[in-house]
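Below you'll find the structure, written out as structure tokens, and then a few comments.
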């Protein structure tokens, strides 16, 4: 069973799409879910879903870890034609997962109580991102 989720982002930050995945899996039985983001400047994360401050802090941490290309500390970058956020977005995506695997039991993901599935946008402009999903039943 396969599908594609389209996720609209508002710029840098985490966009939760756990609910969409859960609805798609209803009645799916037991198996393994694989998610793959089909872009090179964003990532996927399983992260805290209760306190929005966690998402703010993660976004700020990665901004500080990999600042925009026009920051002096990034003067070594050569891929700069697509804007100061592009190559840093690729670097963040290289550091973070672009695919996830989640066990499914009785059509429900085996996520922890406080876990949600997020697309982590690394570009400054809003984008429409695609996440390919594959459910393999046991």
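The values are calculated or read from the model by the stated rules, or taken from the named source; none is laboratory data. The shown structure was predicted, so the numbers you read here are calculated from the model rather than taken from an experiment. Positions of Cβ are backbone-derived with ideal geometry, glycine not excepted, and every protein chain shown enters the neighbour counts.
Conditions: (1) surrounded by fewer than 17 Cβ atoms within 10 Å (Cβ to Cβ); (2) in contact with a helix residue (DSSP H, G or I) (Cβ under 8 Å, 6 or more places away or on another chain); (3) modelled with pLDDT under 95. Residue 49 meets all but one. Number of the miss?
In the conditions (1) surrounded by fewer than 17 Cβ atoms within 10 Å (Cβ to Cβ); (2) in contact with a helix residue (DSSP H, G or I) (Cβ under 8 Å, 6 or more places away or on another chain); (3) modelled with pLDDT under 95, residue 49 misses (1) alone.
Can you find a residue that is crowded, with 17+ Cβ neighbours inside 10 Å and either touching a helix residue (DSSP H, G or I) at 6+ places or on another chain (Cβ under 8 Å) or over 21 Å from residue 127 (Cβ atoms) (or both) anywhere in the range 97-105?
Looking for residues that are crowded, with 17+ Cβ neighbours inside 10 Å and either touching a helix residue (DSSP H, G or I) at 6+ places or on another chain (Cβ under 8 Å) or over 21 Å from residue 127 (Cβ atoms) (or both), one finds at least one in the range 97-105, hence yes.
If you go through the range 77-90, how many residues are under 15 Å from residue 65 (Cβ atoms) and touching a helix residue (DSSP H, G or I) at 6+ places or on another chain (Cβ under 9 Å)? Step through it out loud before you land on a result.
Narrowing the range 77-90 to residues under 15 Å from residue 65 (Cβ atoms): 77, 85, 87-90.
From what is left, the residues that are touching a helix residue (DSSP H, G or I) at 6+ places or on another chain (Cβ under 9 Å) are 77, 87-88.
Number of matching residues: 3.
Based on what the data block shows, is residue 25 modelled with pLDDT of 95 or more, more than 14 Å from the chain's Cα centre (by Cα) and buried (at least 17 other Cβ atoms within 10 Å of the Cβ)?
On the way: modelled with pLDDT of 95 or more: yes; more than 14 Å from the chain's Cα centre (by Cα): yes; buried (at least 17 other Cβ atoms within 10 Å of the Cβ): yes.
Yes; evaluated as a whole, the condition is true for this residue.
Taking the conditions exactly as written (surrounded by 12 or more Cβ atoms within 10 Å (Cβ to Cβ), farther than 22 Å from residue 13 by Cα and touching a residue at least 12 places away in the same chain (Cβ under 8 Å)), does residue 33 satisfy them or not?
Details: surrounded by 12 or more Cβ atoms within 10 Å (Cβ to Cβ): yes; farther than 22 Å from residue 13 by Cα: yes; touching a residue at least 12 places away in the same chain (Cβ under 8 Å): yes.
Answer is yes for this residue.
Can you pull out the residues in the range 113-128 that are farther than 13 Å from residue 13 by Cβ, over 9 Å from the mean Cα position of the chain (by Cα) and surrounded by 11 or more Cβ atoms within 10 Å (Cβ to Cβ)? It would help to see each step written out before you state the result.
Taking the range 113-128 first, the residues farther than 13 Å from residue 13 by Cβ are 113-117, 128.
Retained after the next criterion (residues that are over 9 Å from the mean Cα position of the chain (by Cα)): 113-116, 128.
Within the range 113-128, 114, 115, 116 meet the criteria.
Looking at this structure, is residue 136 closer than 25 Å to residue 8 by Cβ, touching a residue at least 60 places away in the same chain (Cβ under 8 Å) and either over 21 Å from the mean Cα position of the chain (by Cα) or assigned to a strand (DSSP E or B) (or both)?
Working: closer than 25 Å to residue 8 by Cβ: no; touching a residue at least 60 places away in the same chain (Cβ under 8 Å): yes; either over 21 Å from the mean Cα position of the chain (by Cα) or assigned to a strand (DSSP E or B) (or both): yes.
No.
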